[in-house]
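Quick notes on the structure that follows.
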Amino acid sequence: MSIKLFDSELKVMNALWRGGSRTAKEISDILKAETGWNMNTTYTVIKKCIAKGAIERSEPGFVCHALIPKEAVQEAETDELIGKLFDGSVDQLFAALLGRKKLSAEQLARLKEMVESEVES
């Protein structure tokens, strides 16, 4: 994915990913409740997302639709994080995550399952 989204843009995208297509007004109402943004701020960020090709706008009603899936953004952001902070090493990322937070037995079992299924595929 070649689109780089900033934190503010991710807030707008999350509103779309959670609920599908929404009007700009609906997004504004959501972000006012979640972050305290005013309508002008939200509309400015929506327009930046449109300019980047992350959102498509349709009429009537300034309806916004996400053009990029959340999973693609997560993958790109994860790759950037691993490259930037862990020299491209996934195992260093996991070691850092495991060292920072005590995981429950259930969480560890889920991680083990994910790793095992990845090795099998």
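The values are calculated or read from the model by the stated rules, or taken from the named source; none is laboratory data. Keep in mind that this is a model prediction, so the values were computed, not measured. The accessibility values were calculated without ligands, DNA or RNA, using every heavy atom of the protein model including side chains. Shrake-Rupley method; radii C 1.70, N 1.55, O 1.52, S 1.80 Å.
Determine the share of region 1-69's accessible area contributed by carbon and sulfur atoms, expressed in whole percent, with a 1.4 angstrom probe. Working shown, then result.
Details: 2050 of 3860 Å².
In region 1-69, the share of accessible area belonging to carbon and sulfur is 53 percent.
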Quiz item: Where only protein heavy atoms count, and the probe is 1.4 Å, what is the accessible area per residue for the chain in Å²?
Solution: 68 Å²
Exercise. Name the residue, out of 16, 108, 93, whose mean-square fluctuation peaks in a Gaussian network model built on the chain with Cα pairs under 10 Å.
Key: 108
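In whole Å, what three semi-axes, largest first, describe the equivalent ellipsoid of region 14-121 built from its Cα gyration tensor (square root of 5 times each eigenvalue)?
Numbers: eigenvalues 257, 50, 44 Å².
Gyration-tensor ellipsoid for region 14-121: 36, 16, 15 Å.
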Practice problem: Rank 29, 91, 79 by mean-square fluctuation in a GNM of the chain with C-alpha springs under 10 angstrom and give only the top-ranked residue. | Solution: 91
Quiz prompt | Whichever aspartates and glutamates have a C-alpha closer than 12 Å to that of residue 52, once near sequence neighbours (fewer than 8 apart) are set aside | solution = 9
Quiz prompt | Under 13 Å from the Cα of residue 4 - aspartates and glutamates, other chains or at least 8 residues apart | solution = 75, 77, 79, 80
Self-check item: Gaussian network model of the chain, springs between alpha carbon atoms under 10 Å - residue of 52, 102, 11 with greatest fluctuation
Solution: 102
Exercise. Round to the nearest 10 and report in Å² the accessible area of residue 94, as given by a 1.4 Å probe over the protein chains' heavy atoms.
Key: 80 Å²
Quiz item: How big is the accessible area of residue 113 in square angstrom, nearest 10, if you roll a 1.4 angstrom probe over the protein chains?
Solution: 120 Å²
Practice problem: For region 76-121, just run the numbers: alpha carbon Rg, then divide by 2.2 N^0.38 Å, N being how many residues it has. | Solution: 1.27
